Amino acid sequence: MDKKRFRTHSIFFRLIMVMLVMAMVVIFLFVVVYFLASQEIPRISMSAHYFLIGFLFFLLIFALYSTYHVLKKYIAPLKGLTRAALEVSEGKFDVKVPVEGNDELGELSHTFNTMALEIREMMNAREKMLRDVSHELKTPLTRLKLAIEMLEDKSAKDSMAEDVQELEDLVNEILEAEKLRKGIITGEFKNADVISTIRKVVKTFDKSTPRVLLNNMPVLFELNFEEKAVQKALKNLIQNAIKFSGPDSSPVEVSAKQKADRFVVQIKDDGIGIPEEELSMVFKTFYQVEKSRTKAPGKTGGYGLGLSLVQKVMEAHNGEVKLENNVDGGVVASLSFPV
């Protein structure tokens, strides 16, 4: 017989004991009241009658009060575990819950902490491997680009150069993501006109299909930000808007305005949108929206790094990024900066 299942510090044992006491008090109260009201037993004085009834009700209230505190004691750690589990689901693997007691909740808390630690170590190992592989790939990629330049067949040369460039972009994104994960932004934060930066980024999409247009933009607005990082975030969001729009879609609209103590930049498209159940997942590294989802004709997919980079850039600016499905179709991406 498993002794652990019957130990006296078990949560279930304690709850069962409390429930048994409660049942006994209620049954005893019912029986006494029934017999006191019966005509078959001698009458007792009214004062003794009321005293007994009051005492029994006191026992009932005491039992209810005790049950409440016993349940409260065990519900509080469960709420803490729920909050910790939500943090882990958001990628915060350094979370740790206090281990109190040696009952089932104590064991659950210890197991949760062990799981979070193992996940953190696994994620660190994966990121280290990606970082190391990316560093090692940079040199052979450079040699390969030089070799391609020596090819005479222009068609093959252009095709191979495009593939190598795509691989190089992936390597650079992985290395950039690692820097941002550590909170490293190589550029300098300074007060500057963010509207000018937005205009520069939009201008690089002059020949895109669909077009990218500025809409409801202030003449200028000064923020403290790192220009290259914000440019990268804006480019990623605009590229996504173009990628999931069709050639006949309305132009992608970029707008900006101050809302209370925040400055918000929005990128709006009328593309195919994102399934509601996946909106909270798209910022995870290497996460890609449902594979069966059809992209706009002629558009290539990414590697699930773009939105993760955007989120890290915004975190470095004490801001946030949010994606919402537009009521009329497409997605509205918002970058919110503190003013």
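Miscellaneous remarks
- Binned Cα-Cα distances of the stretch 190-338, short to long, each 10 Å bin given as a whole percent: 11, 44, 35, 9, 0
- Taken along the Cα-to-beta-carbon direction at a fixed 7 Å, the label points for Glu277 and Asp158 span 4.3 nm.
- Contour excess over end-to-end distance, with Cα ends at Asn224 and Asp169 and 0.36 nm allotted per residue: 17.0 nm
- Peptide ranges 252-261, 267-276 listed from the most packed, as the mean C-beta count within 10 angstrom indicates: 267-276, 252-261
- The distance between label points at Ser208 and Lys190 comes to 2.7 nm (points 7 Å beyond Cα on the Cα→Cβ vector).
- Reachable aspartates and glutamates, given that their alpha-carbon falls under 17 Å from the alpha-carbon of Lys200 and they are not under 8 places away in the same chain: Glu222, Glu226, Glu227, Glu253
- Straight-distance candidates among the aspartates and glutamates for linking to Lys72, with alpha-carbon spacing under 17 Å and chain neighbours fewer than 8 residues away dropped: Glu100, Asp103, Glu104.
- Members of Lys190/Lys243; Lys228/Lys259; Lys145/Lys284; Lys232/Lys268; Lys128/Lys235 lying beyond 20 Å, as alpha-carbon distances in this model show: Lys190/Lys243; Lys228/Lys259; Lys145/Lys284; Lys128/Lys235
- In units of the rule-of-thumb radius 2.2 N^0.38 Å, the stretch 232-281 shows an alpha carbon radius of gyration of 1.29.
FYI, it's all coordinate maths here, none of it is from the lab. Owing to the predicted nature of the structure, the values given are computational and were not obtained by experimental measurement. So basically every Cβ, Gly included, is an ideal-geometry build from the backbone, and we count neighbours across all protein chains shown.
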